[in-house]
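One structure is given here, and the rest of the page talks about it.
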Amino acid sequence: AIESPAVTRLLEEAEAAESRKAFVAARRAVSVARQIEPENPRVLQYLAEYALREGNWADAEHLALRSYEGSAQLGALCIRNKMTVSIARAERGDDP
């Protein structure tokens, strides 16, 4: 699927905000991106990583798996998906 320019711009804004440690602004940009493309794999992965930071292991795993299922299942996003699932499972005491 092709990502809309608006979502691409919002995710770029989120990355820039994260680099400035402006996590509220980053999350806000990703939330807007999700309203535009709720099943976008990159958006879902950002949300999965936010869930990890917040200790929401089940949400992190669920979102990362949804991202993986909706993606090409290769490349950097795939690696991030698998790492997120592994971390979430390990934190819950499940087998990664």
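So what's the back-of-envelope 222 nm ellipticity for the chain, counting only DSSP H runs of four-plus at -39500 (n - 2.57) apiece and dividing by all residues, rounded to 500?
On the way: 5 runs with 73 residues, N = 96.
So the helix-based figure for the chain works out to -24500 deg cm²/dmol.
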Query - Protein accessible area in the chain, 1.4 Å probe - carbon and sulfur % - result: 56 percent
Report summary line: The answer for the chain, accessible area per residue at 1.4 Å probe in Å², is 59 Å²
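What is the packing order of peptides 37-47, 22-32, 74-84, taking the mean over residues of other C-beta atoms within 10 Å and listing the highest first?
Details: 37-47: 21.0, 22-32: 16.8, 74-84: 15.3.
Highest-to-lowest ranking by the protection proxy: 37-47, 22-32, 74-84.
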Query raised in the report: Thinking of the chain as a set of Cα atoms, what percent of all their pairs are more than 22 Å apart?
Result: 25 percent
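Could you give the length gained by full extension between Cys78 and Ile36, i.e. 0.36 nm per residue of separation minus their alpha carbon distance, to one decimal place?
Working: separation 42, 0.36 × 42 = 15.12 nm, distance 2.21 nm.
Here the segment from Cys78 to Ile36 would lengthen by 12.9 nm.
The values are calculated or read from the model by the stated rules, or taken from the named source; none is laboratory data. Everything numeric in this text was worked out from a predicted model, so none of it was measured. Please note: Cβ atoms are built from the backbone with ideal geometry, for glycine as well, and neighbour counts cover all protein chains shown. Please note that ligands, DNA and RNA were not included when accessible areas were found on the heavy atoms of the full protein model with its side chains. Shrake-Rupley method; radii C 1.70, N 1.55, O 1.52, S 1.80 Å.
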